[in-house]
Amino acid sequence: MTALRAGLRQLRHYPSALIGMTVVLLLLLLSLLTVLTIPYSEAIRLWRGGEGVWDENPALARPTWFQLFSTRKLPQTIIVDTRQGGKTIADQPDGTRLVNASLRFEFHYDALPSEVGLWLSATYKEAQPFVMLYWRKPDGQEIAFEERTPRQTDRYFVSRDERLRERLQARSLEEALFGAGTRGDGALLRGTYELAVEGILFEPDADLEARLVVYGKIHGLAGTDAQRRDLGVALLWGTPIALTFGLLAAVGTTIFSLTISAVGTWCGGRLDAIIQRITEVNAMLPGLTLLVMIGMFYSRSLWVMLLALILLSMFSLGIKTYRAIFLSLKEAPYIEAARAYGAGSWRIVFRYMIPRVIPMLIPAFVTAIPGFVFLEASLSILGLGDPDIPTWGKLLFDAYTNEALFKGYYYWVLEPAALLMLTGMSFAMSGFALDRMFNPRLRTA
Amino acid sequence: MDNSTLLAVRNLHTWYELRQRVFGRAGAVRAVDDVTFDLAAGEAIAVVGESGCGKSSLAKTILGLYRPTRGEIFFQGQPIHSANSQTLRWYHRQVGFVQQDPYGALPPFLNVRRILAEPLSIHGIRKAQREERIREVLEEVKLVPIADFITKFPHMLSGGQQQRVVIARAMLLRPQLIVADEPVSMLDASVRVEILELLRNLQSAHRLAIIYITHDLSAVRHFSERIFVMYGGQIVEKGQVADLLRHPLHPYTQALLRAIPDADAANAETDREVPPGEPPSLLHPPPGCRFHPRCPLVTPGLCDTQEPPEFEPEPLHLTLCWLYKDTTP
Amino acid sequence: MNDGLLQIEDLRLHYRTTQGVVQAVDGVTFALGPRQALAVLGESGCGKSSLARAILRLLPRNVETYDGCVRVHGLDVMPFDEERFRREVRWSKIAIVMQAAMNALNPVLRVVDQVLEPLLVHQGLQREAALARVRAVFQMVGVPLDFMGRYAFELSGGMRQRVVLAMALVLQPPLVLLDEPTSALDVLTQANIMNVLKRIKRETGTSFMLITHDIATSSELADRVAVMYAGQLVELSDAAHFFHEPLHPYAQKLMASVPRLREAKKLAYIPGRPPSLIDLPQGCRFAPRCLQRFARCEQDPPMMHAKDGRQVRCWLYE
């Protein structure tokens, strides 16, 4: 224990270790916060998407701080909802009721929005309302959309309305809706826009609500992916997953390797020989290939992968290193003394030999963690990642399948990569410093 | 074997079998080769010899760390050479071990209290009694004030203090016999006397039998009653300390005594007499008497063909040497 | 007494450690002539091994202080730069046999090659000429010539020690330092090695500085004795007087703690521990453990001249 305290004091001499350990602690803190604020089941649900979870996020939006790199003011998502007000219902003499809603918003950005969408929700018993929509630009121009008869929910993606686009003869609907001129080939118009909703309700209790979403080009701290999911969720949740995976793999492998090696070396004879042979065969086995096979034919669950990884890494060549140490320990005088005062084999192995070796393990253990983190990421990039859990590797896989780099969505690739690198570097720096601490021969002072 | 005999060793052999090579014979290292002696309760004997003579192997066989290849060991009448694990467990309480390297003998990651708690907890002593016994034993080895030492780790102690902890650990289970393998050879000259005196005091206070393994013949006179001289895996001479030092019988003992200097300026003037050659290989010992290739008094035809039996030319002074073939065997 | 070979004046060697500055060698002064053997006696932690390193400038990286005067044949070698020291002094004028030297033999070289190396490097001899010299020195130390082609692990401990001795002697240096040359060896082997050293001193006139804690063995070779305690020399005297009657209280206690084979003697020991070389006490460094201390001992005593040409660092001899 005092060795630990003395060692921690020594860490002061190594700035790289301090940096590394600080970052590790920050990552751990982040993991803790993430797990507490977004519970696991919630994260899975969010990541699965569907059910309109991400509907109001723009797709493929860059992170908000991207604005710092752009001279143009990039648009953020604007949502206008009739539930916020601005709707009137007037009774008509023929028994119908007329709904008039004006969805107004200010647009002062320098770039077009990515999409425009409209949600209509109607309450009725039998007869659907009849709705007319008019888009009014700041220069006074008005574009009429097609009439609609919405059901309980009606999702109208204005940006994907091909007929409208053809009718307007515009290159893209965003241009048509936000640019000067009927085709929108003029300059971008800044000012007040309005979507006028005129609906006819045929029943006395019917009602109509409308929500207009003008999707921006930047969103959130980390941007969004093609399915509109906020990358921040995956990045945040990727942290505890990565750390847990790396830690558990490192711990499992190390503990098992150590125990197997200690027991084998102590018992000697046939058991030792068997363990050594298994280790040698295992060194020849292609680990990644086996994991790929397990992923393809059996299960892609993260926890199954973790278990398989530990099993495959247990008989690592580390066993040979530990064996050398244990062999020399076996002859140590204090072990001999223990046998003389009647200590049994279990006690000697677990209380006298293994504690001696543990300080030497710590640097190797810390340096091994990023290796396992990268392994998980690699498996995900190969398409064998866990389909449900958001991990950094999964983000990279999604980016790859969506051709992110070709299309210029660099943030999608750079953000998980940066986190992976940060994790790797911080553990490695800590590990190297710990190594210098625990292995006096590497010291420079 | 009368009932004051604590330890009786009869024809003890400890041979280490070498692993079979694919071609060629395997052999055996004959570390202890037919050793017989009795040790009385409360008696201190010194086993003297050079490295490779088998004295450490003898010590470890007596401690129960090695199984003898042949021969018998009786402790208080109980057979130890063929003991089952329960008897061995009892035996380990009766024999304490003090090793040569005081630092190596202590686990570096445990403090003094936990080091001393280990043997007690192995043998089922309960926690409350453990603390008391630890204090008792630390006071006996004079590591006082106890509070100063009980939380320290081995590297914080001096060599002498470390050795005291080792002795304390050996005394924990109230043994009747202590085997001390070169207990002071790694300590400074001025500390050695302290430790040897401590052992002497413990011996008389608790009627302990002690087997000292050492190569320092000069100190033997002060700390034991009898000496055994070992050579080539055998005890070539046994006697009372004063007798043996004044009148060594075996040529090897004589050569050993001649080779050891006392601090005296006149030593620089003359060369010391040393027998030629090297100690014998325990794997392929010379035929007949082990010492004959180096012996100045060798009788060709006899010493090089037949192993001498034990003779007793003087009372309580025995030797394995053909020179005394006309005395009682 | 001819002191011309080696003169050490106020030699200091301090190491920097995380716990503070270790004052291993703190102002050591003595002289040694040709054909003389000086035994430096002391226990672990007194600085005697550091003294050997200081003389030969075999310094580690964390040296804090290294100064004083080291004169070889009258010439002060302290100002020499490393390259000049290596060429002119180390090994050709002063050689060393280190502690546990037999474990320092190169396991992949034959012993003849190891002993040849100083000749090839320092004297630039061709291999044939050098081999003749190697054979001569092997004979001098008592290694049979047919062992020359062997590797270190094929030799016994005593033989290995002789090889290391041969390596030190091969350039015929006038002074050889020996740091615990026989402490790991058996009694008979020890006696053999001491015989070899005696013979070399007689036949070639080489001077030796024997550093050891084994007082009895040191008397086999020593003409003069120096006793070190806590980084300082506390007694310097000729062997005959010293072994008969040491003057310094520490030396007296040390002699009293060494048992004698040939006579029954009451043994004494020194209670306490030597002071830490980092945190040295004020005044006489042995005073805390000295039974003869008095008020004056609160001041650090200088080396004083006592009878018979002996020197003692003790106020009792003022």
**Request:** Determine which residues of the stretch B:79-93 fall in the zone a paramagnetic label at A:Cys267 would reach in this model, i.e. backbone nitrogen under 13 Å from the point 7 Å along Cα→Cβ.
**Result:** none
**Complete:** Computed for the stretch B:1-116: size of charge dipole around the Cα centre, +1 on C-beta of each Lys and Arg, -1 on C-beta of each Asp and Glu, debye to nearest 20, value 600
**Prompt:** Per residue of chain A, what 222 nm ellipticity follows from adding -39500 (n - 2.57) for every DSSP H run with n ≥ 4, rounded to the nearest 500?
**Reply:** -16000 deg cm²/dmol
**Message:** Contact order normalised by length for chain A, with contacts defined as Cα pairs under 8 Å and 6 or more residues apart; what percent is it?
**Reply:** 22
**Request:** Take the Cα atoms of the stretch A:169-216, build their convex hull, and give its volume per residue in Å³.
**Result:** 114
**Fill in**
Protection proxy (average C-beta count within 10 Å per residue), highest first, orders A:398-408, A:84-94, C:17-27 as C:17-27, A:398-408, A:84-94
**Using alpha carbons only: equivalent-ellipsoid semi-axes of the stretch B:150-269, gyration tensor based, whole Å** = 29, 19, 12
**Request:** Would you order A:Trp135, A:Trp392, A:Trp65 from fewest to most other beta-carbon atoms within 10 Å of each residue's own beta-carbon?
**Result:** A:Trp65, A:Trp135, A:Trp392
**Asked** Among B:Ile235, B:Ile125, B:Ile260, what is the fewest-to-most ranking by other Cβ atoms within 10 Å?
**Response** B:Ile125, B:Ile260, B:Ile235
**Request:** Treat the count of other C-beta atoms within 10 Å as a stand-in for reagent exposure and order C:Tyr250, B:Tyr91 from fewest to most.
**Result:** B:Tyr91, C:Tyr250
**Asked** With +1 on each Lys and Arg Cβ and -1 on each Asp and Glu Cβ, how big is the dipole of the stretch C:182-318 about its Cα centre, in debye rounded to the nearest 20?
**Response** 260
**Unit Cα scatterers, Debye sum, the stretch C:1-154: log10 I(q)/I(0) for q = 0.10, 0.12, 0.13, 0.17 Å⁻¹** = -0.47, -0.67, -0.78, -1.15
**Average beta carbon contacts from partner chains per residue of B:253-261, 10 Å cutoff** = 5
**Length released on extending from A:Glu331 to A:Ser299, taking residue separation times 0.36 nm less the Cα-Cα span** = 6.9 nm
**chain C: antiparallel DSSP beta bridges as a percent of all, rounded to 5** = 60
**Prompt:** How big is D, in µm² s⁻¹, for chain B by Stokes-Einstein at 4 °C and 1.567 mPa s if Rh is the Kirkwood radius over C-alpha pairs?
**Reply:** 61
**Request:** Could you order peptides B:77-87, C:105-115 by the average number of other Cβ atoms within 10 Å of their residues, highest first?
**Result:** C:105-115, B:77-87
**Message:** With both bridge residues required to lie in the protein assembly as shown, what share of the DSSP beta bridges run antiparallel, to the nearest 5%?
**Reply:** 75
**Fill in**
Between the alpha carbon centres of the stretch C:173-194 and the stretch B:223-295 the gap in Å comes to 20
**Request:** Give the residue from A:Met314, B:Val29, A:Phe256 lying farthest towards the positive end of the charge dipole for the protein assembly as shown; charges sit on Cβ (+1 for Lys and Arg, -1 for Asp and Glu) and the dipole is referred to the Cα centre.
**Result:** B:Val29
**Prompt:** Toward the positive end of the charge dipole of the protein assembly as shown, about the Cα centre and with charges on Cβ (Lys, Arg +1; Asp, Glu -1), which of B:Ile227, A:Ile348, B:Ile213 goes farthest?
**Reply:** B:Ile227
**Asked** the stretch C:1-85: Rg/Rh from Cα coordinates, Kirkwood Rh?
**Response** 0.98
**Share antiparallel - DSSP beta bridges, chain B, percent rounded to 5** = 60
**Request:** Grab every C-alpha pair in chain A, bin the distances at 10 angstrom width from 0 up to the longest one, and report whole percents.
**Result:** 4, 16, 20, 18, 14, 10, 8, 6, 3, 1, 0
**Message:** Let's test the formula: R0 of 60 Å, r as the Cβ-Cβ distance of C:Leu109 and C:Lys266. What FRET efficiency results, to the nearest 0.05?
**Reply:** 0.75
**Asked** In the structure displayed, which of C:Lys253/C:Lys307; A:Lys73/A:Lys407; C:Lys201/C:Lys266; C:Lys48/C:Lys265 lie more than 30 Å apart, Cα to Cα?
**Response** C:Lys201/C:Lys266
**Message:** Can you compute the modelled spin-label distance between B:Gln129 and C:Tyr66, with each label point 7 Å from Cα toward Cβ, in nm?
**Reply:** 6.0
**Request:** With +1 on each Lys and Arg Cβ and -1 on each Asp and Glu Cβ, and nothing else charged, work out how big the dipole of the stretch A:72-215 is about its Cα centre, in Debye to the nearest 20.
**Result:** 460
**Fill in**
Of all C-alpha pairs within chain C, those more than 26 angstrom apart amount in percent to 49
**Request:** Could you let me know the centre-to-centre spacing of the stretch A:146-211 and the stretch A:294-354, using Cα atoms, in angstrom?
**Result:** 68
**Message:** Let me see the P(r) profile for the protein assembly as shown: every Cα-Cα distance counted, bins of 10 Å, each bin given as a percent of all pairs.
**Reply:** 2, 8, 13, 15, 15, 12, 8, 7, 6, 5, 5, 3, 1, 0, 0, 0
**Message:** Starting from 0.36 nm per residue, how many nanometres of slack lie between A:His13 and A:Glu142 once their C-alpha separation is accounted for?
**Reply:** 39.4 nm
**Prompt:** In deg cm²/dmol, rounded to 500, what helix-only [θ] at 222 nm does chain B give when every DSSP H run of at least 4 residues adds -39500 (n - 2.57) and the total is split over its residues?
**Reply:** -9000 deg cm²/dmol
**Request:** Given the options B:Arg169, B:Arg290, B:Arg207, state which has the largest fluctuation in a GNM of chain B using a 10 Å cut-off (strictly under) for Cα springs.
**Result:** B:Arg207
**Request:** Could you tell me which of rounded, prolate or oblate describes the stretch B:61-164, using a ≥ b ≥ c as the square roots of the eigenvalues of the alpha-carbon gyration tensor, with rounded for a/c under 1.5 and, failing that, prolate when a/b is larger than b/c and oblate otherwise?
**Result:** prolate
**Asked** What order do you get for A:251-262, A:68-79, B:170-181, A:18-29 when each peptide is scored by the mean count of other beta carbon atoms within 10 Å, highest first?
**Response** B:170-181, A:251-262, A:18-29, A:68-79
**Request:** Relative to the longest principal axis of the C-alpha atoms of chain B, give the angle of the C-alpha long axis of helix B:112-122, reported between 0 and 90° and rounded to the nearest 10°.
**Result:** 80
**Asked** Rule-of-thumb check for the stretch A:44-203: C-alpha Rg over 2.2 N^0.38 Å?
**Response** 1.15
**Asked** What spacing in nm lies between the two simple spin-label points modelled at A:Glu403 and A:Ala111, each 7 Å away from Cα in the Cβ direction?
**Response** 2.0
**Message:** Ignoring everything except DSSP H segments at least 4 long, calculate the 222 nm mean residue ellipticity for chain C; use -39,500 (n - 2.57) per segment, divide by total residues, nearest 500.
**Reply:** -8000 deg cm²/dmol
**Prompt:** Other chains near B:210-222: what is the mean number of their Cβ atoms within 10 Å of each residue's Cβ?
**Reply:** 3
**Asked** Taking each residue of C:247-259 in turn, how many C-beta atoms of other protein chains fall within 10 Å of its C-beta, and what is the average?
**Response** 3
**Request:** Post the alpha-carbon centroid distance, the stretch A:10-53 to the stretch C:256-295, in whole angstrom.
**Result:** 62
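None of the figures in this text is laboratory data; all of them are computed from the coordinates on show. Values in this document were obtained by computation on a predicted structure and should not be read as measured data. Note that each Cβ is placed from the backbone with ideal geometry, even for glycine, and that neighbours are counted across all protein chains shown.
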